[in-house]
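The structure appears below as structure tokens.
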Amino acid sequence: MQKLMMFGAAGLLVIGVHAAAAQSKTITGEMKTLTVTVEAVEHASREITVKKPDGTYEQLYVPETYKSFDSLKIGDKVTTKYYENIVLRVKPAGEKDVDTASGGVVKAEGTAGTVSRQRTITATITQLDPSVPSITFTGPNGWKYSTRVQDKAALSKVKVGDKVDITWTEASILSLEPAK
């Protein structure tokens, strides 16, 4: 799954899929601000490598709708305010699987803009471990994800083989500070 100028993932750290009454759970994120430095620009693939404040590197895809891509240079600072939200919904038996994505870029004045993306996939619960507690999902294109679960009661309401629609919504406000 390609990234869309997003940093980190809220993850499914507090998953709470309620199979009983309300068959969905929203995991709200928090607004975060991060400034990274452009370390490499790959024009053919529209990817940049950035260095985060903790010294780690991340490779990010820049969509074609971001028209200022060709002006990015090594040393540029990119600041983003970003927000992520995850909604999980246990699927009724027989409901068709989904794998959709949408998003866009809206340019603001100067070197700023808003990037948004939403992706929904159907994943299958392939492993549950109440002793940790943790859950493992598999999905389209070889996607696999394991995470701790904070809501032990919710974990007891699902079983291996259940299908879950997972929707990630991400939004970022980006600004670019040219290298000096």
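The values are calculated or read from the model by the stated rules, or taken from the named source; none is laboratory data. What you see is a predicted model; the values in this text were computed from it and never measured. Neighbour counts run over all protein chains shown; Cβ positions are idealised from the backbone, glycine included.
Listed here are the residues, each with its yes/no results for (1) assigned to a loop (DSSP other than H, G, I, E, B); (2) of a type outside the set (A, V, I, L, M); (3) over 19 Å from the mean Cα position of the chain (by Cα); (4) under 30 Å from Val38 (Cα atoms).
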| residue | (1), (2), (3), (4) |
| --- | --- |
| Thr124 | no, yes, no, no |
| Leu128 | no, no, yes, no |
| Val132 | yes, no, yes, no |
| Phe137 | no, yes, no, no |
| Ala153 | no, no, yes, no |
| Asp165 | no, yes, no, no |
| Ala171 | no, no, no, yes |
| Leu174 | no, no, no, yes |
| Lys180 | yes, yes, yes, yes |
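Close Cβ contacts (under 6 Å, 6 or more residues apart or on different chains) running from residues in segment 68-88 that are over 30 Å from Thr122 (Cβ atoms) and surrounded by fewer than 15 Cβ atoms within 10 Å (Cβ to Cβ) to residues that are modelled with pLDDT of 85 or more and β-branched (Val, Ile, Thr) comprise Ile74/Val38; Lys81/Thr33. For Arg117, the conditions (1) surrounded by 13 or more Cβ atoms within 10 Å (Cβ to Cβ); (2) more than 15 Å from the chain's Cα centre (by Cα); (3) not aliphatic (A, V, I, L, M) are fulfilled apart from (2). Kindly indicate whether any position in segment 155-173 is buried (at least 18 other Cβ atoms within 10 Å of the Cβ), farther than 30 Å from Ile74 by Cβ, of a type outside the set (D, E, K, R) and in contact with a helix residue (DSSP H, G or I) (Cβ under 8 Å, 6 or more places away or on another chain). No.
Pick from segment 49-81 the residues that are closer than 17 Å to Thr33 by Cα and acidic (Asp, Glu): which of them is farthest from the chain's Cα centre (by Cα)?
Among those that are closer than 17 Å to Thr33 by Cα and acidic (Asp, Glu), it is Asp76.
Pairing residues of segment 153-180 that are at pLDDT 90 or above with residues that are surrounded by fewer than 13 Cβ atoms within 10 Å (Cβ to Cβ), at Cβ distances under 7 Å and at least 6 apart in sequence or on separate chains, gives Val160/Gln127. Lys51 fulfils the conditions (1) free of Cβ contacts under 8 Å to residues at least 24 places away in the same chain; (2) under 13 Å from Gly113 (Cβ atoms); (3) basic (Lys, Arg) except for a single criterion, (2). For the criterion of being outside any loop (DSSP other than H, G, I, E, B), of a type in the set (A, V, I, L, M) and farther than 17 Å from Glu177 by Cβ, Ala40 passes.
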